[in-house]
Amino acid sequence: MPATPIDIESWNRGDHFKFFMGSAGSTRLSLTQPLDVTELAFFCKKNTISFYYSLIFLVTQTANEIAGFRHRVVDGQPFEFDILHPLFTDLNKDDDLFKLVMAEMETHLIDFVKKAKQLSKDQSEYLPVNTFMDRYDILNITCYPWGDFSSMQVKPVQQENCDPGIPFIAWGKYQQQANRLMTSLHTEVNHCFLDAIHLYQFKTHLEDKIKLLK
């Protein structure tokens, strides 16, 4: 997990970090926004690949391009990690218990989809904590494939009573609105590192990537 310590005194977000770290209560910031996935849905249908795994790739790729998503609190100090990898939920066909699958990020979407699909298929253990519990370089990702939603709330996994800042990202089942396919994108982050404007940038950059799919 290559990472670089951040010098709080010279960091342009240093005062914000100290403010939120010193505040009482949760430092989580969450926002649910509409996401246009029209081109992605058609791309997945055309290439006969999973919409879920494809969006996991695009979400992780977009998050990696925004520094605040790669920032974490380690032993009370801020660090910037080089790259994030998705820890996503999945369901087996024969029961209704979710499992957590730790995947490694790839360069190309279709390569990632194929490897993620096989990785999930081969994994029989529901909660293989040894693969992710001590990692900071992850994104927590899930979806609600039975419908859409207007909000969502989760309790972040903390380490020694400190929120390390691992983002939680989720989306629902896309719905047709006029001639577009839309879903809700829920993003929950540590306010020490990200503000509402960054969540807006994340969503718009993600939509830009989706619109380029052919």
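Nothing in this text is a laboratory measurement; each read-out follows from the coordinates by a stated rule. Since the structure is predicted, the reported quantities are computational estimates derived from the model, not experimental observations. Heads up, the Cβs are rebuilt from the backbone with ideal geometry, glycines too, and the neighbour counts pull from every protein chain shown.
Only Cα pairs under 8 Å and 6+ residues apart enter the sum, and on that basis the relative contact order of segment 57-213 stands at 23 percent.
Charge tally around Ala116: other residues with Cβ under 14 Å, Lys/Arg +1 each, Asp/Glu -1 each, net 0.
Spatial offset of segment 56-99 relative to segment 160-206 amounts to 12 Å, using the alpha carbon center of each. Summing Lys and Arg as +1 and Asp and Glu as -1 over all other residues whose Cβ lies under 14 Å from the Cβ of Ala103 gives a net charge of 0.
Computing FRET efficiency as 1/(1 + (r/R0)^6) for Asp195 and Phe98, where r is the C-beta to C-beta distance and R0 is 25 Å, gives about 0.25. The gain in end-to-end length when the Ser26 to Leu181 segment is fully stretched comes to 52.4 nm, 0.36 nm per residue minus the alpha carbon separation. Given R₀ = 30 Å, FRET efficiency for Gln77-Leu127 by Cβ-Cβ distance, to 0.05? Efficiency at R0 = 30 Å is approximately 0.55.
Among all the lysines, which ones have a C-alpha under 28 Å from Lys45's C-alpha, if same-chain residues fewer than 8 places away are not counted? The qualifying lysines are Lys93, Lys99, Lys114, Lys115, Lys117, Lys121, Lys173, Lys203, Lys209, Lys211, Lys214. Note on Ile110/Asp208: beta-carbon distance plugged into 1/(1 + (r/R0)^6) with R0 of 30 Å gives a FRET efficiency of 0.95.
Starting from the Cα of Lys46, step 7 Å toward the Cβ, then list every residue of segment 166-183 with an amide N under 17 Å from that point. Taking a point 7 Å out along Cα→Cβ of Lys46, the residues of segment 166-183 whose backbone N falls under 17 Å are 180-181.
Only the Cβ atoms of Lys and Arg (+1) and of Asp and Glu (-1) were treated as charged; on that basis the dipole of segment 3-211 about its Cα centre amounts to roughly 700 debye. Other residues within the sphere of radius under 13 Å centred on the Cβ of Pro145, judged by their own Cβ, net out at -2 (K and R +1, D and E -1).
For the chain, the square roots of the Cα gyration tensor eigenvalues, ordered a ≥ b ≥ c, give a/c of at least 1.5 with a/b greater than b/c, which places it in the prolate category.
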